[in-house]
Amino acid sequence: MSLLNLTNDGLPNVLIVLYTTVAFARSPLTTDELIDAVAPLGALSDARMARATLNRWAELGLFRLDDVGERVLLADAPETDMKNDFEIVRAVRIAARRCALSEANNLDLWARESARAADLTRSLAWLLAQDVYRIRFKEAQSLELKQIANDDLRVMQNDTRKNGLQFWGHFLGFVRQPGGGDVDPTLAVREALPACISLGEEMPAADLVERLAHCLPILDGGVYRVGVEAQLEKSALPSLQPGQLSTSLSRAMFSLMFDQTLQFENRADVGRSIVFTGRDGLRADQRYSWVRRSKRTA
């Protein structure tokens with residue numbers, strides 16, 4: 001099974017409806033009741049996509065079945081109160097992202113069979129390692145051929161996987177538009193901030209980068225990102241200086257600095273610093289040792 005195979009393993013919009021239906025149900029629904037609620041017979045000719053999406057995300061642990069009657073429940077309570085459409089989508093996105101990137105679903109990052117979420121995870125890690133100012137999805141397969149010599153380790157071997165990466169990458173907050181577009185992890189980073197730095201809190205900037213890598217292990221320094229980069233040809237990516245962020249994480253940091261969610265500065269008494277990377281390379285004028293999160297919510 002592969003999360004990148006949309007036809008066999010489900011779609012983000014179907015997942016939203018399933019999750020919302022379970023969350024708002026007055027009493028737990030059985031599997032058949034849930035499928036009938038989101039894909040009622042007569043309204044839809046085929047409920048296979050709803051069932052495939054449910055089965056896949058139940059396997060990954062986003063949903064669980066109770067001990068009596070196989071009623072479908074959420075594995076964890078939503079992080080938002082889901083009071084409007086925006087908060088509903090946000091709650092599902094956060095839950096799905098945490099589930100997909102969990103250690104339990106990525107025990108073997110290079111698994112070919114029973115990969116759970118590993119195919120999506122390694123694909124996102126590879127994508128975020130690229131130069132986000134120049135990569136285009138239509139060129140992803142040819143680019144990967146140059147960067148990964150081992151056929152068994154390539155992640156985008158066909159259009160099916162590429163299309164799956166485009167849609168799940170957007171839904172999970174790493175690509176700007178559905179079906180492709182600019183690689184930009186700003187949304188995912190913004191939603192991970194509460195677990196890394198509290199409102200009004202300040203810390204060394206390098207510490208924040210490390211905390212983000214723990215929450216989103218496909219970012220710079222994250223265990224999945226490091227694992228993918230280790231398989232690339234030595235000349236695949238330009239080398240980075242100590243503390244230099246990739247273009248993908250730099251793009252997110254630029255955005256969060258621009259809207260004043262994060263405020264960066266330099267302090268002489270801090271030993272380490274980070275430096276952003278822009279379209280033309282390292283930005284020496286964007287080197288920071290300290291960061292503060294605004295007291296206001298985004």
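Of note:
- Checklist (1) in a loop (DSSP other than H, G, I, E, B); (2) over 30 Å from residue 271 (Cβ atoms) applied to residue 218, failing item: (2)
- Within segment 70-160, helices (runs of 4 or more DSSP H) holding 3 or more residues that are basic (Lys, Arg), touching a His at 6+ places or on another chain (Cβ under 7 Å) and surrounded by 11 or more Cβ atoms within 10 Å (Cβ to Cβ): none
- So residue 166, is it under 30 Å from residue 5 (Cβ atoms), exposed (fewer than 15 other Cβ atoms within 10 Å of the Cβ) and in the same structural domain as residue 113 (by TED's automatic domain parsing): no
- If you check 207, 182 for being among the charged types (D, E, K, R), part of a strand (DSSP E or B) and under 23 Å from residue 250 (Cβ atoms), only one passes: 182.
- Some residue of segment 21-43 being part of a helix (DSSP H, G or I) and of a type in the set (Lys, Arg): no
- Considered as a group, the residues in segment 239-298 that are β-branched (Val, Ile, Thr) and not in a loop (DSSP other than H, G, I, E, B) include one that is farthest from residue 133 (Cα to Cα), and that residue is 291.
- Exactly one residue out of 51, 56 is farther than 26 Å from residue 81 by Cβ, part of a helix (DSSP H, G or I) and under 18 Å from the mean Cα position of the chain (by Cα): that is 56.
- Condition broken by residue 116, with the remaining ones in (1) within 16 Å of residue 227 (Cβ to Cβ); (2) free of Cβ contacts under 8 Å to residues at least 12 places away in the same chain satisfied: (2)
- All of (1) modelled with pLDDT of 95 or more; (2) farther than 22 Å from residue 153 by Cα hold for residue 219 with one exception: (2).
- Set 94, 35: member being closer than 28 Å to residue 115 by Cβ and free of Cβ contacts under 8 Å to residues at least 24 places away in the same chain: 35
The values are calculated or read from the model by the stated rules, or taken from the named source; none is laboratory data. Everything numeric in this text was worked out from a predicted model, so none of it was measured. For neighbour counting, all protein chains shown are included, and Cβ atoms are generated from backbone atoms with ideal geometry for every residue, glycine included.
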